[in-house]
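To start, the structure under review is shown below, and the notes come after it.
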Amino acid sequence: MFHFSGFNMMFPDAGRNFQATYKCFSVSMLPGNERSDVEKGGKIIMPPSALDTLTRLNVEYPMLFKLTNRKKSRTSHAGVLEFVADEGKCYLPYWMMHNLLLEEGDILNIESVSLQVATFSKFQPHSTDFLDITNPKAVLENALRNFACLTKGDVIAIKYNKKVYELCVLETRPGNAVSIIECDMNVEFEAPVGYKEHTAPQAGNNQSGSQAAGSSNSNEPADGGTVLEEVVETFQGSGVRLDGKKKKDSQLETPVLKKILPRGVPDYEFQFGLLRFDRSIRPISDRGQDDGESAGEAAAAGEADSFHGTGFSMKKSRK
């Protein structure tokens, strides 16, 4: 049985791990134009020599890597975006360097790994401002398209409406590090840091408060769970119309109520693909009929207060 060392060098064993050590820098130090797309995701930029080595090693696709800061004993995982970095250097998003406790020019160990496909993940926002987003799951799903994997304990950063939101990865299944490329993953959110739940007020307080505000005259207390009613203050005083018609008294006596949702409580009755329009406003055609009837009544009764005085014409009449 013969053994050729050169043959083994030309065709190495498949499945061997890639290991390399680079000086890491943030994306802002990357030569050329500003690369804001790298900051929005969880992928790194490596030198071209790494691609050549990975090709000869026949690593599994997609290429996923384990990043280790041995000085601080911190680890994370990431994908690769491009192989255009200078030799001996790699470029990471700033939030990833913050997780690994790295400074500009520190040594980073990179190793190729194979991760299981994610089935579940749980996130916790670091700010209550995340509750202002209308559909947080859709925003997170769109942001995770720029990520290749997730690591339990990492704090990822996503950008939405020119604002950066930080989320901590509390849990991942089936392992502490998972791949999120082409997967069907269930997502849950933990209450944001510093969030305090609103306690439901007592029934008696709700009833007295609604009567004082004039929002309801019934004995039933207002629902303090999801929907609240707020009295909108309209213009005070009497109004005079230019056409001389008398304003209806019913419009002044009816309070204007506005239903609002408390901050942080979503609309659970929302149906996907359904648009709701306010139908409480009467069409213009109905208004015209009502105005015509009211004008006829006012003319017959002679009660309308119109403008008084004599009129003058700038053009002299011919005699």
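The values are calculated or read from the model by the stated rules, or taken from the named source; none is laboratory data. Keep in mind it's a predicted model, so treat the numbers as computed, not measured. When we count neighbours, we look across all protein chains shown, and the Cβ atoms used for this are built from the backbone with ideal geometry, even at glycine. Surface areas here come from the heavy atoms of the whole protein model, side chains and all, with no ligands, DNA or RNA. Shrake-Rupley method; radii C 1.70, N 1.55, O 1.52, S 1.80 Å.
Side notes on the structure shown:
- For residue 74, net neighbour charge (Lys/Arg +1, Asp/Glu -1) across residues whose Cβ lies under 15 Å away: +1
- ³J(HN,Hα) computed for each position of the stretch 158-165 - Karplus, 6.51 cos²θ - 1.76 cosθ + 1.60, integer Hz, glycine/proline x: 10, 10, 8, 6, 6, 9, 9, 10
- Whole-percent carbon and sulfur share, accessible surface of the stretch 120-189, 1.4 Å: 40
- Other residues within the sphere of radius under 12 Å centred on the Cβ of residue 123, judged by their own Cβ, net out at -3 (K and R +1, D and E -1).
- Placed amide H near residue 64: partners under 5 Å, 5+ positions off or other chain: 113
- Cut-off 13 Å (backbone N to label point 7 Å along Cα→Cβ of residue 19), residues of the stretch 72-116: 109-113
- Amide H contacts of residue 120 (H built 1.01 Å from N, under 5 Å, at least 5 apart or other chain): 173, 186
- Relative to the compact-globule estimate of 2.2 N^0.38 Å, the Cα radius of gyration of the stretch 120-189 comes out at 1.04.
- Counting all C-alpha pairs of the stretch 86-142, share separated by more than 15 Å (%): 70
- Virtual paramagnetic centre 7 Å along Cα→Cβ of residue 187, amide N under 13 Å, in the stretch 105-147: 120-125, 133-147
- In percent, rounded to a whole number, the relative contact order of the stretch 19-112 is 49, using alpha-carbon pairs under 8 Å and six or more apart.
- About its Cα centre, the dipole of the stretch 19-112 is roughly 360 debye, where the only charges are +1 on Lys and Arg Cβ and -1 on Asp and Glu Cβ.
- Computed from phi, the 3J(HN,Hα) profile of the stretch 57-71 under the Karplus parametrisation 6.51, -1.76, 1.60 (θ = phi - 60°) reads 7, 6, 6, 6, 10, x, 6, 10, 9, 9, 9, 10, 9, 5, 5 Hz, with x in place of Gly and Pro.
- Listed values for the stretch 175-187 are Karplus-derived 3J(HN,Hα) couplings in whole Hz (6.51 cos²θ - 1.76 cosθ + 1.60, θ = phi - 60°), namely x, 6, 9, 9, 9, 10, 8, 6, 10, 10, 10, 7, 10, and x replaces Gly and Pro.
- Taking amide H positions as modeled 1.01 Å from N, with prolines and chain starts lacking one, the residues under 5 Å from residue 74 and 5 or more places away or on another chain are 69.
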